[in-house]
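Contents: one structure, followed by commentary.
The values are calculated or read from the model by the stated rules, or taken from the named source; none is laboratory data. The model shown is predicted, which means the values in this text are computed figures rather than measured ones. Positions of Cβ are backbone-derived with ideal geometry, glycine not excepted, and every protein chain shown enters the neighbour counts. The protein model used for the area step is the full one, side chains on, heavy atoms only, and it has no ligands, DNA or RNA in it. Shrake-Rupley method; radii C 1.70, N 1.55, O 1.52, S 1.80 Å.
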Amino acid sequence: TAGITQAPTSQILAAGRSMTLRCTQDMRHNAMYWYRQDLGLGLRLIHYSNTAGTTGKGEVPDGYSVSRANTDDFPLTLASAVPSQTSVYFCASSDNGGNEQFFGPGTRLTVL
Amino acid sequence: GENVEQHPSTLSVQEGDSAVIKCTYSDSASNYFPWYKQELGKRPQLIIDIRSNVGEKKDQRIAVTLNKTAKHFSLHITETQPEDPAVYLCAAKANRDDKIIFGKGTRLHILP
């Protein structure tokens, strides 16, 4: 069982370009999340999804979009990247009943 | 929405001594409070959690206490050891949605 995976591991992106960060889980978890982690700021919630077909805004949703077409995948898209989106991005999933979140390995994104 | 404050941002303790990290939350509807440990360059991993129907929970050297009236919860690590240095993250979640909001984290250093 792979658990939860993210791709790519790292990426350097020119400002103004678009980028999709991929996240896949094989645990059949209903809920999925995207966080960004910046030094000294902990994990900040970008978007989340309670179940396939639904999404919600987190603390810092501006500049990001998500979709949840099926249970397993939860891609995060930056339509036009800006340097302030340089961060480490973590995807996570949880079984709604259990609440424990399982995190992916993270994607380190640098926007120049 | 929920706001989670975490203190201190950095904590240094002598090996063998205890460490205490405190968090406060704003949403009285929050009822699930997990703690995650994140080692350098790794993903966060759950170490202990507590639900609002209990006041304290222990697991070997770690314990969490919850004061619902004051809306704060704390992580206690006793007999600190060389494997304990990491960033510790608290979080809070309400049943009304699946948002899990994190504090900014505490970097724990263990002095030899």
Most positive-pole-ward Cα, B:THR69, B:ALA86, B:VAL20, against dipole of chain B from beta carbon charges: B:THR69
Gyration tensor verdict on chain A (Cα atoms; rounded if a/c is under 1.5, prolate if a/b is larger than b/c, oblate otherwise): prolate
³J(HN,Hα) computed for each position of segment A:6-20 - Karplus, 6.51 cos²θ - 1.76 cosθ + 1.60, integer Hz, glycine/proline x: 10, 8, x, 5, 8, 7, 10, 10, 6, 4, x, 7, 9, 7, 10
Karplus-derived HN-Hα couplings along segment A:83-93 (A = 6.51, B = -1.76, C = 1.60, θ = phi - 60°), whole Hz, x at Gly and Pro: x, 5, 8, 5, 5, 9, 10, 10, 9, 9, 9
Amide H partners (placed H, <5 Å) of A:THR86, local residues excluded: A:VAL111
In Hz, Karplus ³J(HN,Hα) per residue of segment A:24-29 (6.51, -1.76, 1.60; θ = phi - 60°; x = Gly, Pro): 9, 10, 10, 9, 6, 6
Cα gyration tensor category, rounded, prolate or oblate, for chain B with a/c compared to 1.5: prolate
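Just to be sure I understand: if you take the accessible area of chain A alone plus chain B alone and subtract the pair, with a 1.4 Å probe, what total do you get in Å², rounded to 100?
On the way: alone 5830 and 6550 Å², together 10590 Å².
The buried area between A and B, both sides summed, comes to about 1800 Å².
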Spatially proximal lysines relative to A:LYS57 (Cα-Cα < 24 Å; intrachain offsets below 8 disregarded): B:LYS93, B:LYS99, B:LYS104
Of B:LYS22/B:LYS58; B:LYS37/B:LYS57; B:LYS42/B:LYS68; B:LYS22/B:LYS68, those spanning more than 22 Å from alpha-carbon to alpha-carbon: B:LYS42/B:LYS68
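Which percent, nearest 5, of DSSP beta bridges in the protein assembly as shown are antiparallel?
90 percent
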For A:HIS47, residues with placed amide H under 5 Å, excluding near neighbours: A:TRP34, A:GLY58
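What percent antiparallel are the DSSP beta bridges of chain A, to the nearest 5?
The answer is about 90 percent antiparallel.
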